[in-house]
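What follows is one structure encoded as structure tokens, with my remarks underneath.
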Amino acid sequence: MNILQIKDRGLEIEELGRLPKDIVELIYEQQLFKLFTAKELGGKDLELLEGIKVFQQMSALDGNFGWLVTIGTGGNAFIPTLNKEICEKIFSPRNAVIAGSGYPSGIAVKVVGGYRVTGQWKYCSGADYATTFTMNCFVEYEGIRTDKIISCSVNCDQVEVLNDWRAMGLKATASHTIRVQDVWVPEEETFQLGIIKNKYGSAVHSFPFGAFAEASFVSVCLGITENFLEAASVLVKQRKHDPSCTERLGAIQFLLMQQQKNFKQLEERYYLMLNEHWKKHKEDHELTEEELQQFSRISKDTAAACVDIANSLIRRLGMDAITETSSINRIWRNLYTAAQHSFLTP
């Protein structure tokens, strides 16, 4: 299967409510869940900007596909935080991919050698094929819940997936709730960001996690917006043959050209800023709190601008805009859903 064919399968993907098996197989084949994984673990070991731009390219094919590649690759951030043996066990398999949540909605009861974990976590994208789940918990010690948070890794066979993802867009991302009940997690299968336990990490893994996540999700929004503008262009061309649209056609064409130009400028500015931060990081200059706050603000503004570009056109695209099975409507819903992530909202 050619990866570009995914662009024509958006409706099939959405109606199925998950990625078809042949597309998941393609992800394994192309190592798309391992963009930032060391080659010794079967990964591609890409530079930050290379991987981020792959997220955009995949999202321009289909929002669900791009989101899942992005989320699956995001789990690579935990590679250096696990001891060598556990890291190899989790990340070496060809189909290795992590799903999970950073929100601490579980309790980890400290016992000798590890923890007994119970809890429920929402929005775990890729839950239907994840090999490992990660989850944050408050630590309970001798019957007292503390403010300490521990991150746990749990094999998929110990996790219950509740099929409850019902968003208006990104319907095939399987962003379901997961649940565990009194699951045993050995000490060595817990981790904390920033604490390095093996040599499989790269400069990508030491890049500030918040900025990494923001850049990842913005790239998805950029890719979906790119797809939206292409679909809008197709609809506008079709209207040339509709006599009832003659009067308005010029105005729509002008607006489309304007928004295509706006998008290119938006994309260029964002990657320029990301590249500057990445170069500074690679030169071992720590990004200041002010720089990170500015990056966060511009990331949010860029996601909002993507939504504004789509909204400026959607009302002018006729009944296709409100027909759920049309490409333009599906892409628009996917964009709104992606931009609603907590890293991108005001």
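Working carefully through the options SER151, SER92, SER105, find the one that is surrounded by fewer than 18 Cβ atoms within 10 Å (Cβ to Cβ) and within 17 Å of VAL185 (Cα to Cα).
Details: SER151 fails: surrounded by fewer than 18 Cβ atoms within 10 Å (Cβ to Cβ); SER92 fails: within 17 Å of VAL185 (Cα to Cα).
Sole residue among the options that is surrounded by fewer than 18 Cβ atoms within 10 Å (Cβ to Cβ) and within 17 Å of VAL185 (Cα to Cα): SER105.
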Note: among ASN334, ASN329, ASN311, just one is more than 16 Å from the chain's Cα centre (by Cα) and buried (at least 17 other Cβ atoms within 10 Å of the Cβ), namely ASN329
Among (1) at pLDDT 95 or above; (2) within 20 Å of the chain's Cα centre (by Cα), GLY102 falls short only on (1)
Apart from one, (1) without any contact (Cβ under 8 Å) to a residue 24 or more places away in the chain; (2) within 15 Å of LEU222 (Cβ to Cβ); (3) buried (at least 16 other Cβ atoms within 10 Å of the Cβ) all hold for ALA321; the odd one out is (2)
Within segment 148-181, residues touching a strand residue (DSSP E or B) at 6+ places or on another chain (Cβ under 6 Å) and acidic (Asp, Glu) come out as GLU160, ASP164
Residue hits (segment 111-160; modelled with pLDDT of 95 or more, assigned to a loop (DSSP other than H, G, I, E, B) and of a type outside the set (S, T, N, Q)) are VAL112, GLY113, GLY126, ALA127, ASP128, TYR129, ALA130, VAL159
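Which count do you get for residues in segment 161-191 that are surrounded by 13 or more Cβ atoms within 10 Å (Cβ to Cβ) and assigned to a loop (DSSP other than H, G, I, E, B)?
So the first thing to find is which residues in segment 161-191 are surrounded by 13 or more Cβ atoms within 10 Å (Cβ to Cβ), and the list is 161-162, 165, 167, 169-180, 183-185, 187-191.
Pick out the ones that are also assigned to a loop (DSSP other than H, G, I, E, B) and you get 165, 167, 169-175.
Residues flagged as surrounded by 13 or more Cβ atoms within 10 Å (Cβ to Cβ) and assigned to a loop (DSSP other than H, G, I, E, B) within segment 161-191 amount to 9.
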Per the filter on segment 192-219, residues hydrophobic (A, V, I, L, M, F, W, C) and either surrounded by 15 or more Cβ atoms within 10 Å (Cβ to Cβ) or over 18 Å from LYS110 (Cβ atoms) (or both) are LEU193, ILE196, ALA203, VAL204, PHE207, PHE209, ALA211, PHE212, ALA213, ALA215, PHE217, VAL218
Cβ pairs under 8 Å, 6+ apart or interchain, first in segment 281-292 and assigned to a loop (DSSP other than H, G, I, E, B), second not hydrophobic (A, V, I, L, M, F, W, C), ordered by first then second residue, are LEU287/PRO208; LEU287/HIS277; LEU287/LYS280; LEU287/HIS281
Item to complete: Restrict the check to segment 89-98 and report whether at least one residue is assigned to a helix (DSSP H, G or I), small (Gly, Ala, Ser) and closer than 17 Å to GLY126 by Cβ.
Response: no
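The values are calculated or read from the model by the stated rules, or taken from the named source; none is laboratory data. Values in this document were obtained by computation on a predicted structure and should not be read as measured data. Neighbour counts are summed over all protein chains in view; Cβ atoms, including those assigned to glycine, are modelled from backbone coordinates with ideal geometry.
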